[in-house]
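Asker: Submitted below is the structure of interest, expressed as structure tokens.
Throughout, read-outs are computed from the coordinates displayed, never taken from laboratory work. For clarity, every value in this text was computed on a predicted model and none was experimentally measured.
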Amino acid sequence: MAVFAAFSLPRVSGSLRSTVMSFFAAIRNAVFTAGPEREIAFLVVKTVVATVLSWQFADHVLNSPNPYYAPLAALLVVDRTLMRSLWSSAQTLVAIIAGMSVAWVVGAIAGVQWWSMALVVLVAVLIGRWRAFGSHGAQVPTMAILSLLTVGGTNGTFTFLTIVETLVGGVIGVATNAIVVAPLHVTQSREAVSSFTGRVQELLTDISRGLRTDWGEQMAIDWGGSSEEIIRTAPVVSEKVAHGRESIRFNPRNKLRKVQVDWAGYARTVEALLRTQWHVSGIARTLADVAGQNDPRPSPSPTFLSAYADALADISSAVSRFGRDGDGDQTSMKGHLAHASEALDDLEERLRHAPFTDPGAWPAYGALLIDAQRMVSELLTTHEEAAVPTENTPVRGPIQWRAES
């Protein structure tokens, strides 16, 4: 590591030097630290291995005069998960068959003419835009033109050998992805869900503490900005959960030692906490409105805000236990939510009988109470289906050895 730290490039420009240093930093992270850089490095290595093996197989075993399609297929199908590799392999093979079929039909009927080529390209492009092909749809017109120009689209041996090479390349690519450190993206999913939950809890704690101090418009705006950032992060976390769930499918490492993760619970957690943030954003907007300098609205009383802050503190504590399967965690979470609900109901009851010196003040009270009550309801109705990883939660089960027959 010291070698990388001491590395300097005095003769290159600042931007180029920064790019080169970033490259070496990525290499250092891939070698010494588990993370995205290491995953990318493994993916690159597997792609190279699969491509070379496919080329050698097509050249020496299939005796292909142009052993290009097998390595091309391998290059296209090695993906971040085995599930995606299998799907990419199927898409690639079907795309190539479709492209060569179009060339075969047109070539057999009309031969290679300018208008027949135009027809082949038109049909192939339309087929390639079919959503089921995904990014591999570009292979349809590519293979159609290549087949038409190379052998007039009518050479059965060329067509058969190309399909076989593509199938072989796909199989080698998938096999390489499965054998060479088959990826399991579990840690990233767990960390993302845990971090997301922590951010929600921290924001609620900040608002609760802030309302007990001399808070103002800018502080409320900052709370709203933090809530909106959490809302924007939610789809990213959901994608990581879906990606982790996908990575265990057909994975031999998971067959040997099962991953014990409640993927559905992780997804429910993100969805539930995302909905709570809609209400947190509403609370922040209401507070910003009543503290606004340009057009201030009547503000709730300090007594109300103090009791309201206590309710938010209880909701924050409930979030810290949300989705955890321990009996103590569940009891604690329900207790905090019950306490928050009682405090909010008490505030609502007081407001019904409180005389307002300014009738314009009641909308702020009502908006704050409704948003907090809806957060409590959301957490109560979803906690049984939610799951949040902890350091003590096991990720992998014991190794499953096959019994002797």
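Asker: Would you mind calculating the gained length between Trp115 and Glu229 on full extension (0.36 nm times residue separation, minus the Cα-Cα distance), in nm to one decimal?
Answerer: Between Trp115 and Glu229, full extension yields an extra 35.6 nm.
Asker: When the Kirkwood hydrodynamic radius is evaluated over all pairs of different C-alpha atoms of segment 187-382, what value in angstrom, to one decimal, is obtained?
Answerer: When all Cα pairs of segment 187-382 are included, the Kirkwood radius is 18.0 Å.
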